[in-house]
Amino acid sequence: MNRILIAIGIVVAIIGVVAGALVITTPQLFGLVTTSDTPYAQYMIPLIIGGMVLIIVGAAIPEKK
């Protein structure tokens, strides 16, 4: 079990969840209208899948001593 790959996989998966949940609200028209946008939502699925792959590979590969 390679702990470094597992740790990197967990961090990447967490970054994917944060990227999907991030909402940017910007005021428009002198503050009368606000718009909400999720600018990094398209990166959520690839980051979560990449994190899961790293966790699985890290668990399958034995650690060098």
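Please indicate, with yes or no, whether at least one residue in the stretch 26-36 is touching a helix residue (DSSP H, G or I) at 6+ places or on another chain (Cβ under 9 Å), surrounded by fewer than 14 Cβ atoms within 10 Å (Cβ to Cβ) and not in a loop (DSSP other than H, G, I, E, B). Steps first, answer last, please.
Keep residues of the stretch 26-36 that are touching a helix residue (DSSP H, G or I) at 6+ places or on another chain (Cβ under 9 Å), which gives none.
No, the stretch 26-36 contains no residue that is touching a helix residue (DSSP H, G or I) at 6+ places or on another chain (Cβ under 9 Å), surrounded by fewer than 14 Cβ atoms within 10 Å (Cβ to Cβ) and not in a loop (DSSP other than H, G, I, E, B).
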* To do: Take the stretch 25-40 and flag every residue that is at positive phi and of a type in the set (Phe, Trp, Tyr).
  => PHE30
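Can we say ALA13 is modelled with pLDDT of 95 or more and more than 13 Å from the chain's Cα centre (by Cα)? Before you say what the answer is, go through the steps one by one.
Details: modelled with pLDDT of 95 or more: yes; more than 13 Å from the chain's Cα centre (by Cα): no.
For ALA13, the condition - modelled with pLDDT of 95 or more and more than 13 Å from the chain's Cα centre (by Cα) - is not met.
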* Structure fact -> Scanning the stretch 24-38 for residues that are in contact (Cβ under 8 Å) with a residue 12 or more places away in the chain and out of contact with any strand residue (DSSP E or B) (no Cβ under 6 Å at 6 or more places or on another chain) gives THR38
* Asked: Are there any pairs, at least 6 apart or on different chains, whose C-beta atoms fall under 9 Å, with the first in the stretch 39-57 and exposed (fewer than 14 other Cβ atoms within 10 Å of the Cβ) and the second in a loop (DSSP other than H, G, I, E, B), and if so, which?
  -> PRO39/LEU22; ALA41/LEU22; VAL57/ASN2
* Asked: With respect to ALA41, is the statement that it is more than 20 Å from ILE61 (Cα to Cα) and touching a Phe, Trp or Tyr at 6+ places or on another chain (Cβ under 7 Å) true?
  -> no
* Looking only at the stretch 12-23, decide whether some residue is surrounded by 10 or more Cβ atoms within 10 Å (Cβ to Cβ), more than 30 Å from LYS65 (Cβ to Cβ), without any contact (Cβ under 8 Å) to a residue 60 or more places away in the chain and in contact with a Pro (Cβ under 6 Å, 6 or more places away or on another chain). => no
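The values are calculated or read from the model by the stated rules, or taken from the named source; none is laboratory data. No experiment lies behind these values; they were computed from the predicted model shown. All Cβ positions, glycine included, derive from the backbone under ideal geometry; neighbour counts span all protein chains shown.
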